[in-house]
Each structure stands twice: as structure tokens, then as C-alpha cells.
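Only one structure is covered here, and it is reproduced in the block below.
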């Protein structure tokens, strides 16, 4: 745990009880004299360092030691247009995408997306909060929805497309927006629409699932 989101962060002194107390003492094994990093969700750029000044069985008291602006984010910004797949599959890879540093994901209802799958943004946000505290990221990934591929590319004319082709993604490729299909790929009509955009693939003979492709492409571009 790199830091903790705490609504009282910024105060000179306060008491921690309940689940957070149990986590810090019983799970993290903190004790009197230890220092803990905290941030506010609505102003995450500020890092607050607190010292544990007293501990009892039901609570602990902390005192502010220092505060500083300390933002941690990826060096490259990547926007992924991701054709809708099973929400459970998204949830499994979302923490990894967050750690890699993906800036934004727009979920697109492409021709082969199952329309009964609806992104659960509230749950995604809870997953990101936990992930940020683990990896140290300070900004929050953004989410959006597009009704179809055409709407997405018209709003993002710099889009590059991940699909079957001869063009292998280069190590030094500068990509800010990438479009990735769902299981089964793009329809014939979508391929015709995307024919004027740059298309690339990864250097592998294997067929990747949509969530595997998203992870691999994001890693290749950002890291």
C-alpha cells in the first residue's frame, strides 16, 4: 500500500477507527511511531505524511508530519477505444491497465458487441481507488461510452486500429488513441469504415482475446 485515501487528510491530528484501524494494525502491522502516507480523493495531487502517535485496541491517533504536492502518473497518455465485452473480463484487467497508466477508456458498442453488457462505472471506480492506493498513481482513469465505432473515430480522428494486418507495431510508435475490437473482431462494414485509418498488429502468430490485446497493446505503447 503506497498511500491511503482518507477524508480527514490535511487535518493536523485525527483518530482512525473501524475497518481502516483493523487494516493498519492487524494487516499492515503498523505501530506507534510509524509513518503513513495519505491523500484526499478530491485533491489527490497533495501527499500528506502522518505519524502514528498512539494506538489502542479500537483506534489510533495520527499527527501530520508533512505535506507536499506529489503527482504520480504515466509519462505517456493513452486513450483506448474498447469495443464492449463481458464486464467481468474488464474488471479482471482494469487494475493492470491502471498500473500501466492508461489515461482513458471509451467503451464502444460495435457490431459484434453483446448489447446486454453494460459497463459498471461505479464498480470500476472502486477498483481504481484500490489500485491507485496499491500502485501509487494519483490521477484517476477516465471513462466514456460511444454508441458505435463511427461515433468514436469521428470524435478521435487520430485513432490507430489494432487488427489483423501486415503492419507490426514498432517499438518507437507514437500512439495516443487506439481502437481495439471485441471477441470476433470488427464486422465487414466496420472494416470498410476503418480502412482509411492506420492499422497495426503485434508481432505474434497467436490470436489474442480482447482483454489480452488491450493489456499487450497498452504495455507496448506506454511502458
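Just so it is clear, none of the values below were taken in a lab; they were calculated from the coordinates. Note that the coordinates shown come from a computational prediction; the quantities given were computed from them, not determined experimentally. Ideal geometry is used to build each Cβ from the backbone, glycine not excepted, and the neighbour counts take in all protein chains shown.
The antiparallel fraction among DSSP beta bridges confined to the chain stands at about 50%.
For the chain, modelled as a GNM whose springs connect Cα atoms under 10 angstrom apart, the maximal fluctuation among 105, 180, 16 occurs at 16. In the chain, the longest principal axis of the Cα atoms and the axis of helix 121-135 are about 60 degrees apart. If R0 is 25 Å, what FRET efficiency do you get for residue 23 and residue 143 from their C-beta distance, rounded to 0.05? Efficiency, rounded to the nearest 0.05: 0.35. Checking the a/c ratio against 1.5 first, then a/b against b/c, what shape does the Cα gyration tensor give for region 4-69? Prolate, since a/c reaches 1.5 and a/b exceeds b/c. The stretch between residue 5 and residue 134, if pulled fully straight at 0.36 nm per residue, gains 45.3 nm over its current Cα-Cα span.
If R0 equals 41 Å, the separation of the Cβ atoms of residue 164 and residue 125 corresponds to a calculated FRET efficiency of about 0.75. Computed from Cα positions, the angle between helix 87-100 and the longest principal axis of the chain comes to roughly 70 degrees.
Length gained on full extension, residue 54 to residue 96: 11.5 nm, using 0.36 nm per residue less the C-alpha separation. Note on the chain: GNM, Cα springs under 10 Å; of 100, 127, 85, the largest mean-square fluctuation is that of 127.
Of the options [x] 34, 23, 18; [y] 42, 17, 14; [z] 36, 18, 16, only one is semi-axes √(5λ) of the Cα gyration tensor in Å as computed from these coordinates, and that is [y]. Taking a point 7 Å from the Cα of residue 151 along the Cα-to-Cβ direction, the residues of region 104-125 with backbone N closer than 17 Å to it are 105-121.
Computed over the chain, the per-residue total of -39500 (n - 2.57) for DSSP H runs of n ≥ 4 gives a 222 nm mean residue ellipticity of -8000 deg cm²/dmol, rounded to 500. Annotation: for a label point projected 7 angstrom from Cα along Cα→Cβ of residue 196, residues of region 139-182 with backbone N closer than 11 Å are 154. The angle between the Cα long axis of helix 210-222 and the main principal axis of the chain comes to about 70°, on a 0 to 90 degree scale.
Cβ-to-Cβ counts within 10 Å put 106, 87 in ascending order as 87, 106, the fewest first. Among 37, 176, 66, whose mean-square fluctuation peaks in a Gaussian network model of the chain (Cα, cutoff 10 Å)? Among 37, 176, 66, the largest GNM mean-square fluctuation belongs to 66. The residues 137, 112, 209, when put in order of fewest to most other Cβ atoms within 10 Å, stand as 209, 112, 137.
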